[in-house]
Amino acid sequence: MNKEIKIDGIEILRFISAFAILIWHYQHFNAPLNSLELKVPQPFFNYFKIFYTHGYMGVNFFWCISGFIFFWKYADIIKKIKFYDFFISRFSRLYPLHIATLIIVLFLQTIYFSINDNYFIVKNNDLYHFLLNLFMASNWGFEKGMSFNGVIWSISIEILVYGLFFIILSFLNKNIFINIFVIIICLVFKITYKHLVHGIVDCALFFFLGGCVVYFLNQKKNVTLIKISILLISVLSYFFFNYFNLNTLNNVSYVVQIIIYPILIFLSCGIHIYNKLASRIVRIMGNLTYSSYLLHFPIQLCIMIYYSQIEKEIPFYNNSFFIFYILTVLISSFYVFKYFENPCKKIIRNKFKV
């Protein structure tokens with residue numbers, strides 16, 4: 001592991017990817033928003049336009065960041081780590097908040113259904129899908145659709161890629177060509193099956209793509225030259241895409257993500273905040289990502305239940321309501337991380353000696 005790599009910039013990117021999902025899912029309050037004309041009046045649209053229209057891409061970005069972090073943290077020592085320890089490390093990080101939000105959503109959806117005779121957004125809230133969620137297998141291919149705290153789908157898939165990462169690097173030496181091979185395989189599946197391909201292909205592609213960044217960062221003598229080259233390529237690509245209006249073509253956004261995400265991660269590794277207060281704030285922002293991701297849907301459910309009870313419409317286009325929603329999620333995430341998520345992680349790791 002290269003200790004010289006600073007992750008302040010990575011924490012900022014983690015927060016941005018999670019924040020993009022919060023904005024993208026704001027439309028749950030008035031779903032479905034099928035046209036740009038309906039989306040434009042949303043609060044602060046001009047400032048958050050990219051999140052309102054392409055916020056779903058935050059999932060791919062987060063997978064890419066996760067890949068970078070895993071290769072940065074584990075790639076050099078993975079052969080010395082037992083699978084048991086690796087499993088407990090991931091379990092303690094992910095499962096406590098998942099199971100808590102699963103039970104909360106079960107309770108809230110029951111209330112919502114009793115009022116509206118229908119479920120909110122996510123419809124497959126039966127015993128079968130509850131059992132899948134219990135084992136974090138909600139999106140392994142056994143499901144009939146999204147269920148309960150639906151956003152867990154990306155974590156469910158990422159767990160499988162964690163296993164793939166552990167197996168590959170445990171049996172093979174760390175090598176960028178392994179990453180490239182996995183990426184090529186994923187691209188072949190993506191090109192062949194297009195939108196029918198399982199989400200694990202997207203996750204593995206971006207995860208191992210993020211891992212490639214670590215290899216480039218370890219090229220200490222060439223880092224500055226690489227950064228300059230990346231900036232030039234980025235600027236030229238921007239003008240090229242705009243001049244030929246390529247952003248209207250199919251699959252271009254996916255290709256852009258493959259190019260831009262590792263570049264952003266690479267460049268962000270040069271960001272180190274020396275001010276202690278600012279650095280602490282950035283670390284807090286990074287810590288909010290998982291909790292805000294899992295909490296925002298239950299919070300939306302609570303809001304929907306309240307407005308159903310008082311028989312009033314959600315003030316969807318109201319700026320104050322938008323701010324209330326965002327602040328409620330972020331503040332709740334802060335306290336949940338501090339008093340539940342992080343303590344649970346420490347208790348489990350101490351108990352199982354990891």
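Numbers for the structure displayed
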{"item": "Count of the range 98-143 residues which are on the phi > 0 side of the Ramachandran plot and of a type in the set (F, W, Y)", "result": "0"}
{"item": "Given (1) of a type outside the set (A, V, I, L, M); (2) part of a helix (DSSP H, G or I); (3) in contact with a Ser or Thr (Cβ under 7 Å, 6 or more places away or on another chain), index of the condition Y162 fails", "result": "(3)"}
{"item": "Residue match in the range 169-192 (condition: in a loop (DSSP other than H, G, I, E, B) and among the β-branched types (V, I, T))", "result": "no"}
{"item": "Residue tally, condition at pLDDT 85 or above, touching a Leu at 6+ places or on another chain (Cβ under 8 Å) and among the hydrophobic types (A, V, I, L, M, F, W, C), over the range 254-280", "result": "4"}
{"item": "Criterion: surrounded by fewer than 21 Cβ atoms within 10 Å (Cβ to Cβ) and over 24 Å from the mean Cα position of the chain (by Cα) - qualifying residue of K174, K144", "result": "K174"}
{"item": "Selection count where residues are assigned to a helix (DSSP H, G or I), more than 12 Å from the chain's Cα centre (by Cα) and surrounded by fewer than 21 Cβ atoms within 10 Å (Cβ to Cβ), scope the range 30-72", "result": "14"}
{"item": "Cross-chain or 6+ apart pairs with Cβ under 9 Å, the range 7-28 first and among the aromatic types (F, W, Y), then in a loop (DSSP other than H, G, I, E, B) and surrounded by 20 or more Cβ atoms within 10 Å (Cβ to Cβ)", "result": "Y26/Q42; Y26/P43"}
{"item": "Failed criterion for S138 (all others in (1) without any contact (Cβ under 8 Å) to a residue 40 or more places away in the chain; (2) polar (S, T, N, Q); (3) surrounded by fewer than 21 Cβ atoms within 10 Å (Cβ to Cβ) hold)", "result": "(3)"}
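The values are calculated or read from the model by the stated rules, or taken from the named source; none is laboratory data. Predicted model, so just to flag it, every value in this text is computed and none were measured. Note: ideal-geometry Cβ built from the backbone for every residue, glycine included; neighbour counts use all protein chains shown.
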